Amino acid sequence: METTIGIDKIGFYSPEYYLDLADLAAARQVDPAKYKIGIGQDQMAVLPPDQDIVTMAANAASQILDQADREQIDLLIFATESGIDQSKAAALYLQELLAVNHKARAFEVKEACYGATAGLQIAYDHLAAHPQSQKVLVVGADVARYGLATAGEVTQGAGAIALLITRQPRLLALQQPTAYYSEEIMDFWRPNYRDTALADGKFSTEQYLRFLALTWQDYQAKTNMTLADLTAVLFHIPFTKLGLKGLRQMTADLAASDKDNYFDYFQQATVYNRQVGNLYTGSLYLSLLSLLDQQQLPAGARLGLYSYGSGAVAEFFTALVQPDYQQHLQVAVHQQQLAQRQRLTVAEYEQLFQQTGLTDDQDYQIEPQSPQAKFYFAGQHDQRRIYQRKEPLHS
Ligand code: CAA
């Protein structure tokens, strides 16, 4: 049997509080259709004080890891642009919380929303180069924060995606070669002294589409494939309208009757993103999970994936859907998690928004408040972050 490498399991966690964007529109005196249609978002996840990137990643990864995984992972990559420490990798807290064995490399990567794709491709190369290695855990966890009453406010969100990468994966086999492009631009950034991002909003959307054109063209040149070789195309989804623009750009030359399938799949691939908002580096993989969870894909379907991280780096790659992949998803867990979230008023959201991003060096304690979370952030003691697990890990 040919050796394949790819995604064997996907876990997902997002905060258990959300704001409906119709409520935000009313508070900001904006037509709700601008948010729901113009931006293409319905709700956004709001981070409570008992969660951060580490606990969200632990909550996502604990859904998928069993004891054998914990023993066999020898590389743990934590992708984030919402780092909690300038030096120590969030991967180390995660390794401890998840009881992943110590004979593993564990580190953090950053390149805006591209980080998890960098992690995924490193994982591929690691398994391809080291026959004795068996499993790699890649997580992407972020909190998208632009600020109250800013243009970016409606595109906030938070959450984590955990990907277990193995040989003979049960969900998706990654394909080589891939196409990538990088260039130093100022479309979105967050200097060290800020806990909210700065964005040149319109410019950032133009760059996303320009990098898509460049990587897609390069991908076709490298592989001789065309759009007809792809069953569906998935995008980094900072907000669903931008992915839709990407798909319109890619399908511009197709006859109307050939376009429908791509747009139908796109709609299925954005069901979760519309409810959660921007996950930054996890957003492409949340879109992937959304498609896999909603839709029965034909055997051997080839997916195109477009990853974009401001600053900027982009990559276009493809993956083959594996037979019987549906037996290895946790659709009910994901749907229940979203259905059980608590709706906030705008005043409650604004209060929570102002509480997070603490920079104080004093000791403080935080009580657990997220009912479905197994892991929570308990506060700070002696300038050390304290993480707690509510119940023992199951095997
Ligand atoms: N009914 C329906 N649609 C309406 C409407 C109404 N009443 N009013 C406006 N709209 C439409 C507009 O026509 C527009 O649609 P098009 O883009 O198709 O023209 C859309 O709603 C948005 O309107 P504006 O352009 O006026 O929106 P804005 O100026 O308020 O800002 C934004 C939009 C630039 C995306 C802003 O939300 C922002 O800065 N977001 C953060 C930056 C971002 O997400 N960039 C994405 C690329 S960078 C990246 O991908 C990395 C990452 O994750 C951040």
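Here, each number is a calculation from the coordinates, and none is a lab measurement. Owing to the predicted nature of the structure, the values given are computational and were not obtained by experimental measurement. Ideal geometry is used to build each Cβ from the backbone, glycine not excepted, and the neighbour counts take in all protein chains shown.
Overview of results
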quantity: Rounded Å value of the spacing that divides the Cα centres of segment 40-67 and segment 1-39; calculated: 13 Å
quantity: Mean Cα-pair separation over length for segment 5-389, i.e. relative contact order, pairs under 8 Å, 6 or more apart, %; calculated: 25 percent
quantity: Other-chain or far-sequence residues with amide H under 5 Å of THR4's (modelled H); calculated: GLN168
quantity: Partner lysines for LYS34 [C-alpha distance under 28 Å; skip if fewer than 8 residues away on the same chain]; calculated: LYS202, LYS241, LYS245, LYS259
quantity: FRET efficiency, 1/(1 + (r/R0)^6) with R0 51 Å, evaluated for ASP324 and GLN383 via beta carbons; calculated: 0.55
quantity: Radius 12 Å from Cβ of TRP189, net charge of other residues (Lys, Arg +1; Asp, Glu -1); calculated: -2
quantity: Cα centroid separation, segment 327-357 to segment 199-255 (Å); calculated: 29 Å
quantity: Within segment 128-187: Cβ-based charge dipole about Cα centre, in debye rounded to nearest 20 (Lys, Arg +1; Asp, Glu -1); calculated: 540 debye
quantity: Considering only the chain, percent of DSSP beta bridges that pair antiparallel, nearest 5; calculated: 75 percent
quantity: Computed E for ALA255/GLN217 - FRET, C-beta separation, R0 25 angstrom, nearest 0.05; calculated: 0.75
quantity: Shape call, segment 56-168: gyration tensor on alpha carbons, a/c limit 1.5; calculated: prolate
quantity: Projected label distance in nm at ALA128 and LYS110, using a 7 Å step from Cα toward the beta-carbon; calculated: 2.8 nm
quantity: Given LYS88/LYS390; LYS36/LYS222; LYS36/LYS390; LYS103/LYS374, the pairs whose alpha carbons are separated by over 30 Å; calculated: LYS36/LYS222; LYS36/LYS390
quantity: Förster radius 41 Å - calculated FRET efficiency between ALA228 and ARG343 (Cβ-Cβ, nearest 0.05); calculated: 0.45
quantity: Cα gyration tensor, segment 334-391 - rounded (a/c under 1.5), prolate or oblate; calculated: oblate
quantity: Total charge dipole magnitude, the chain, about the Cα centre, Cβ charges on Lys, Arg, Asp, Glu only, Debye to nearest 20; calculated: 400 debye
quantity: Extension reserve of the GLN335-GLN362 stretch, reckoned as 0.36 nm per residue once the Cα distance is removed; calculated: 5.9 nm
